[in-house]
Each structure stands twice: as C-alpha cells, then as structure tokens.
Amino acid sequence: MKKEVFRNPENVAELGEAQAPFWFWNDRLEEGEIGSQLELMTEKGITCAAPHARGGFEGGYLDEEWMAHIRQVVDYKRAHGETMWFYDEFNWPSGGANGEVTKEENYREKYLTLNRFYVPANTRFRLRPESLRKMKNDGTDLITSVKKVRIDNLFAYDALTMEPLDIESFQPDDNSGYLFNLSEYDFEICRDRATIVFEAKIGTELFGKEGYYDPDYLNEEATKRFVDVTYEAYYREFPDAFGKVITAAFDDETRFCHAFPWTDTLLDRFEKQYGYCLEERLPDLILPGVEAGRTRCDYFNLIADLFRDNYHGVIRKWCEEHGIDYCPHLLGEETMAGQVRYAGELLRQYREMTRPGVDHLGKGIGSLNARFASSAAEVYGKKGLICEVFAGTGWDLTYEEYLRMISWLYSQGVKTITNHGFFYSIRDFRSNDWPPSQFFQWKGWEHMKEANGMCRRFYGMTKDADMDTDVLIYHPVETFWLHYVADMNFTHGYHLGPFIQDERAAFLDREEQVLLGGLQEKNRNFTVFPADAYDLFEAKDGRLVNKETGQSYGAFVLPMCEVLPLEVAELLQEFVSQGGSLAVMETVPSYSMKRDDDARLQEIMETVMKASVTSFYEGVSPEWLLAWLQEVSPQPLRIVKGVGDCKKSFSHYPEWIIDPYIHTGEDMCGVTWTKFQGEETSYYFVNYTDEVQEIEAEVVSGMKPEIWDPLTGEITPAEVVDVNTREGWLRVRMSLPKSYGIFLVTDRKSEE
C-alpha cells in the first residue's frame with residue numbers, strides 16, 4: 001500500500017468496499033429521506049451499502065415502487081462514483097423470496113423423522129406403512145392387488161440384541177378371503193421377545209407457519225426459482241449497473257431448519273453415489289455404533305454436497321455470469337456441532353462463494369467463527385472475507401468497543417466490515433431490531449469518519465495479502481459424523497438448543513475448540529483444513545502447496561481422526577515422504593469414507609506413522625502442539641518483553657448447540673499479533689488490555705521497521721533497541737494503544 005494512500009485513504013475508490021453496511025429499509029420510504037441518508041454516508045466515507053428490506057417496511061417488496069427506490073440509489077451511486085450491493089431477501093434467511101418460493105410445497109424443506117416404539121414381548125402392535133418414494137400408479141397397485149407392497153418406512157429390531165428383523169414377515173398373507181385385500185396397509189407385530197420398531201416419515205412444514213422460512217436448499221429447481229424471482233428481477237431493472245455500480249449480492253444465514261433435511265432426489269442420488277439403498281438403513285442415522293455411524297458419514301457428506309452445489313453453486317454461477325460477487329454467510333459457524341447441524345458441513349460451502357462471509361452477534365470477542373471462515377477462504381483461494389457484525393451489541397455500544405471488535409476481526413482475517421446495520425428508521429418497535437443502529441442515530445456516529453478511515457487502511461494493507469500461518473490443522477468433521485446423533489426435537493432459534501448426546505461427538509466438538517483456542521492464546525496462527533480441499537494441494541519439497549494461490553505450509557496436524565478420506569491420506573503420505581512435518585493427535589485414522597478403501601487407508605497410515613517426521617501424541621493438548629510447532633516451524637516473531645499472549649475467557653462452549661450464538665460475555669485479555677504477507681511484510685498487533693502496553697519484540701526485518709497506525713494514518717519509524725546481525729533479527733520497542741491495532745512493517749517490495 002502506498003504511504004500516501006495509507007495517510008489519506010478517504011477518496012480512493014479501490015478502498016470503497018472496506019465497509020459495506022446493511023441499510024435497513026424498515027419503514028415507509030421517501031425519496032428525500034433516502035437522498036439525505038445517502039449523503040450522510042458519503043460524508044463519513046461510507047461509499048458502499050446494501051439496501052435491506054426489513055421488518056417494519058411499508059410497501060411492496062420487489063414491486064415497481066421498490067425498484068424505483070433502488071433506482072434512486074443506483075443513480076446516486078453512479079453519479080458519485082460509489083458502489084452498492086443488493087441484499088437478496090426480505091428479512092432472513094435467504095432463499096424464500098419473501099414467500100414466493102416457499103409457497104410452492106415442493107420448494108419447501110423436506111425432512112426426515114424417525115419415531116421409535118418399544119413393543120414389549122407378547123404385545124400386539126400395529127402401524128400403517130407409507131412409502132418414502134413417490135409411487136407411480138401403473139395399474140398394478142390396485143386396491144385388489146394380491147401382491148405385498150414393499151415397506152420402506154418401517155424397521156424392526158430385537159430389543160435385546162438390536163439384530164434387524166425381516167419386516168415383510170410381519171405383513172399378513174394376502175389369502176385372507178376378504179373382498180378387498182388391503183395388505184399394503186397392514187403391519188402387525190407380536191413376538192415372544194421385546195421389539196424396537198422405527199417409523200420413518202418425510203415431512204414438510206406448513207407455509208403459514210415455519211414453512212414460509214424454509215426453502216429446500218438441496219433442490220436445484222427451488223434455487224433457480226429464487227434466482228428468477230430475486231436476482232433476475234434486479235438484473236431486468238438495472239442491467240447496465242451490474243459489475244459497475246452493483247458489485248455484489250449478499251445472501252444471508254441459510255441453514256437447515258430440521259435435523260435430517262431431505263429432498264425428492266436424495267434416495268436416488270445416495271444409491272448412485274454410495275452403491276446401497278439409504279431407505280434400508282434409515283435407523284442408522286440415530287443408532288449408536290460404527291456401522292450406523294458410517295451410514296451417517298455418507299448421509300451428511302451428501303447433504304453438504306447438495307447444499308453446496310444446488311444452492312450456493314447455482315447462485316455463485318449466476319452472479320459471476322452477471323459480473324458481480326456472491327457474498328453469503330451461514331448459521332452456526334462457531335463450532336463443529338453447529339456447522340454440521342445447520343449445513344451438513346460448513347467449510348465446504350465456502351468453495352462456492354466469491355467473497356465469503358461470516359456473522360458475529362453481540363459485543364464479545366474471542367470465538368472461532370471468523371477463524372473457520374478465513375481458513376476456508378484461504379484454502380479455497382477466496383479474497384475479501386466479509387463479516388456481518390454489531391447485531392445484538394445493544395444501544396450502549398461505545399465507540400471504543402466498536403474499534404476493539406473491528407480490530408479483533410481484522411486479526412482473524414476479515415477484510416470488509418458489514419455493519420448490522422444502518423437503520424433507516426428507529427420509529428416505535430424498529431429500534432429493537434437487533435440493535436443498535438450504527439447510523440446517525442448512534443452516539444458514536446460523530447466518530448464514524450475516522451472509523452471508516454481505519455477500515456479503509458486495513459483493507460488496503462491486507463486485501464491482496466495472505467495471513468502467514470505455515471500450519472494446517474485438519475477439521476475432523478467425518479469423525480464427528482461417525483458419532484453424532486442429531487436431536488430431532490429442535491429446529492432452530494433456541495439459545496438453549498439440543499444437547500450433543502454422544503460423548504465422543506461432544507468430546508470432538510469441545511476439544512477442537514480447546515486446541516484451536518489454545519493456539520490462538522499463544523499467538524500461534526493456523527489454517528483449518530477441510531477434507532474436500534485435498535485436490536487444491538500438492539506436496540512439493542517437503543511442503544504442502546496450494547496450487548491455486550501458491551501459499552505453502554510446512555506442518556500438518558491430524559487431531560482426533562478416526563475417519564479420513566483416502567485422498568487426504570495419500571496427500572499426507574507424499575508430504576511426509578518428502579520430509580514434511582506431521583503431528584497425529586489422540587487417534588490414528590482407520591476408516592476411509594469409502595468402506596472398500598479401509599485397508600488401503602490403514603496401509604498408508606501405517607507407513608505414515610513410521611516416518612521419522614511424524615509425531616504421535618496420545619491426547620489433545622495445546623501445550624504439546626505448541627512445543628512441537630516451535631521445533632518444526634519456529635515463529636517469525638517473538639515478544640521478549642511485556643505481555644506476549646492473550647487469554648480467552650471461554651475455552652469452549654457448553655455441550656449443546658446454541659442458536660444463535662450471541663457473544664456478549666466472551667472476552668480476551670492480553671496482546672495478539674498476526675503476520676500478513678503482501679506488498680508489505682507486516683505484523684498486526686492488538687492490545688486487549690485496559691491500558692497502553694509497552695512491549696519488545698524480536699523480528700526479522702529487511703528494512704528499518706516502521707509503525708503504521710490504521711486509525712490515525714500516521715507512519716513513524718519503529719524504535720530499534722537491539723540488532724543481532726549474526727542471527728538476523730532486530731529488537732523493536734512498541735507502545736500498543738488500547739482498543740485497536742497497529743502494524744509493524746518490516747519489509748516492502750518497493751519504496752516510495
């Protein structure tokens with residue numbers, strides 16, 4: 001970043017999307033008021049915003065009047081050389097088009113429920129069978145048919161041994177002599193031993209209730225309908241603005257409402273992909289044990305793929321074809337359990353995003369949601385991570401807290417701040433809509449120009465830079481699937497949500513948080529590695545190199561993995577054969593995602609574990625991992641005097657799935673630093689204590705280091721207190737202000 005731009009970023013167009021607030025259109029809109037509010041934003045340097053139809057809006061959504069208001073914004077932005085995004089839904093979650101999509105029953109989320117019945121010995125029990133597949137009446141299934149109809153929604157097990165029983169043996173013979181033989185409706189069980197019966201049903205919520213908000217994200221046709229109603233509507237009105245004035249679409253908080261989402265094509269797709277019939281094993285989704293767990297692995301893997309391909313992939317493709325970026329965020333981003341519950345698997349969804357996003361509710365800091373998102377953006381080669389932030393922080397949010405939260409998000413890899421939100425109106429109930437407004441109604445508004453300057457400077461420093469981590473940590477979601485038994489009694493929107501019933505699943509969820517959080521407390525940066533990213537990497541000279549971005553990593557950590565895709569194991573085998581450093585923690589994988597690949601996986605892991613560069617730890621300990629990393633991948637900077645770490649107030653969440661996560665109450669205390677590698681080599685320091693901190697740090701530097709202050713724009717020489725020419729480092733003394741971060745710049749590709 002040029003120094004002059006850093007000092008004066010206000011009118012630099014390429015920095016205009018460092019801040020892109022939601023602009024809540026939540027009242028009757030007036031042309032004069034829209035114009036006045038646009039001018040207020042311009043005066044503060046906020047040159048990008050996303051008009052957002054919100055509760056309290058009085059008017060027709062996407063109708064002629066709505067588009068006239070959008071046209072006013074487009075015309076203003078074009079005249080002032082500014083940009084805008086469109087928010088693709090009325091309220092949230094995205095995908096329903098304010099009911100236009102979900103009013104069609106086939107486009108609403110379908111879901112599986114499994115009811116369990118305990119039948120004591122010598123007790124007669126009846127249920128009416130149904131079909132999980134849509135039956136085609138070809139004339140053979142008449143009411144007088146003498147054939148038994150195949151039952152695919154009832155399952156019987158011996159209660160003591162849990163051995164499956166032949167369900168057809170409990171259908172009566174068709175030679176009953178009745179005029180109308182209704183055998184397809186007959187199921188009766190009576191045994192001299194207790195029996196467990198499961199009944200599977202596919203449901204859809206009523207449109208007038210929850211179904212209004214629940215699109216079928218697995219159904220490509222439902223997504224195309226959403227695109228036609230919303231995206232095409234904007235393009236028809238403003239084709240010349242796309243890619244110039246309108247630069248992005250924001251898609252908000254998509255999630256599965258129910259524990260086991262379904263779609264009409266799921267059974268056929270499942271059998272084609274895995275080679276067996278899911279409807280024959282449906283109770284596996286809620287039964288304990290490895291065999292049942294492997295069915296769960298296949299189910300959740302497919303669900304995650306369908307979500308990615310049939311929703312995010314469809315919209316991303318449309319956006320790129322029309323010259324704009326696709327910028328979504330999802331739900332439940334904080335923990336592995338939440339990620340599985342609401343997306344099947346969260347991280348792979350980022351593969352189909354142009355500029356990915358994340359959400360952060362409440363004023364607390366220290367969670368892992370932004371780190372998961374920035375990791376996914378990094379491995380998939382995405383730029384410009386966006387964070388929707390400040391919802392639920394309350395009207396008492398101070399300007400200092402505002403800066404502190406932004407500074408923390410920057411340290412996690414966020415580039416663009418999307419304020420939630422700028423309220424058009426706070427009349428009556430509108431002021432209570434996840435407040436505060438950070439617009440002219442907020443007490444900190446008078447300082448927004450300097451806060452926007454800070455956003456612009458950080459964006460300029462990092463938009464083309466990479467976080468330098470050198471460490472990949474595997475995200476063991478397949479092992480979580482193996483053990484996770486979802487609670488079907490909860491949908492979403494429960495602060496006290498369902499418990500994670502299985503002890504192993506709860507352990508995996510908790511210990512991943514403890515491990516990653518423990519590294520962050522000691523300023524050890526890392527990148528979380530999702531399994532489906534294996535095809536983007538190659539082993540080269542003892543490092544794992546991202547073929548898309550060129551970023552490379554010298555250390556790989558495999559924690560708590562019982563299940564590992566064969567492709568990842570093969571990549572690691574090549575990595576360690578070249579001298580790459582691998583740490584295996586707590587478990588050596590023995591199951592592949594494909595059962596036929598188990599033997600090959602075990603063979604590879606046996607070879608990998610014998611390699612001299614592989615270290616095995618019997619438990620999951622941040623302290624053990626930190627010591628190992630310091631040996632195989634020493635830090636490029638160390639704080640030798642003053643506060644050198646940062647303690648989090650929460651090491652992990654409780655063992656239930658919280659929705660939504662409101663982070664008020666979480667906090668950090670200490671000093672963090674993050675290395676960025678771009679035009680500059682820089683270290684971003686943030687002080688989370690209540691007073692200025694004096695520190696000294698040893699760092700390699702190819703120039704006289706400088707302090708770049710993103711809040712004030714000042715650039716000053718760093719105070720060098722010692723030089724070690726032989727080892728090639730400098731010792732730098734710094735004063736770290738409280739509430740926000742500063743850059744220590746140690747190298748530049750070109751001097752001005």
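The values are calculated or read from the model by the stated rules, or taken from the named source; none is laboratory data. Predicted model only: the values in this text are computed from it and were never measured. Glycine gets a Cβ as well: all are built from the backbone with ideal geometry, and neighbour counts include every protein chain shown. When the accessible area is computed, the model is the full protein with side chains, heavy atoms only, and any ligands, DNA or RNA have been set aside. Shrake-Rupley method; radii C 1.70, N 1.55, O 1.52, S 1.80 Å.
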In Å², nearest 10: area of TYR274 left accessible to a 1.4 Å probe: 50 Å²
At 1.4 Å probe size, put VAL227, VAL588 in order of accessible surface, largest to smallest. VAL588, VAL227
Sort out for me the Cα centre separation of the stretch 41-82 from the stretch 518-565, rounded to whole Å. 42 Å
Taking every DSSP beta bridge that has both residues in the stretch 534-650, what percent is antiparallel when rounded to the nearest 5? 40 percent
Helix 369-379: angle to the longest alpha-carbon principal axis of the chain, degrees 0 to 90, nearest 10? 90 degrees
With the dipole of the chain defined by +1 on each Lys or Arg Cβ and -1 on each Asp or Glu Cβ, the option from GLY16, GLY713, LEU302 whose Cα lies farthest towards the positive pole is GLY713
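Work out the length of the dipole vector of the chain about its Cα centre, built from +1 on the beta-carbon of each Lys and Arg and -1 on the beta-carbon of each Asp and Glu, and round it to the nearest 20 debye.
The dipole of the chain has a size of about 760 debye.
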For TRP408, tell me the accessible area in Å² from a 1.4 Å probe, rounded to the nearest 10. 0 Å²
For the stretch 207-217, in order, what is each residue's ³J(HN,Hα) by Karplus, 6.51 cos²θ - 1.76 cosθ + 1.60 with θ = phi - 60°, in whole Hz (x at glycine and Pro)? 4, x, 10, 5, x, 4, 9, 10, x, 8, 5
Antiparallel bridge percentage (DSSP; both residues within the chain; nearest 5): 60 percent
Dipole of the stretch 264-407, Cα-centred, from +1 at each Lys and Arg C-beta and -1 at each Asp and Glu C-beta, to the nearest 20 debye? 360 debye
Once you keep just the Cα pairs under 8 angstrom separated by 6 or more residues, what percentage relative contact order results for the chain? 12 percent
Qualifying aspartates and glutamates (Cα of each under 20 Å from Cα of LYS540; at least 8 residues distant if same chain): GLU378, ASP466, ASP468, ASP470, ASP532, GLU548, GLU567, GLU570, GLU574
How high is the relative contact order of the stretch 635-749? Use alpha-carbon pairs under 8 Å, at least six apart in sequence, and give a whole percent. 30 percent
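List the relative contact order of the stretch 496-631 as a percent without decimals, with contacts defined as Cα pairs under 8 Å and 6+ residues apart.
Working: 182 pairs, mean separation 30.5, N = 136.
Over the stretch 496-631, the number comes to 22 percent.
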Could you give the size of the charge dipole of the stretch 33-83 about its Cα centre, using +1 on the Cβ of each K and R and -1 on the Cβ of each D and E, expressed in debye and rounded to the nearest 20? 240 debye
Of the listed pairs LYS224/LYS415; LYS224/LYS547; LYS3/LYS704; LYS103/LYS201; LYS382/LYS647, which have alpha-carbon separations greater than 20 Å here? LYS224/LYS415; LYS224/LYS547; LYS103/LYS201; LYS382/LYS647
Could you give the alpha-carbon Rg of the stretch 567-637 over 2.2 N^0.38 Å, rounded to two decimals? 1.20
Let me test this: with uniform point scatterers at the alpha carbons of the chain, what is the Debye-based log₁₀ I(q)/I(0) at q = 0.05, 0.10, 0.11 1/Å? -0.28, -1.04, -1.23
When the Cα centres of the stretch 428-477 and the stretch 358-418 are compared, how far apart do they sit, in Å? 6 Å
Would you calculate, for the chain, the mean residue ellipticity at 222 nm contributed by helices, counting each DSSP H stretch of 4 or more residues as -39,500 (n - 2.57) and dividing by all residues, to the nearest 500? -8000 deg cm²/dmol
Enumerate the lysines that LYS244 could reach by cross-link, defined here as Cα to Cα under 20 Å, with residues fewer than 8 away along the same chain left out. LYS77, LYS317, LYS383, LYS463
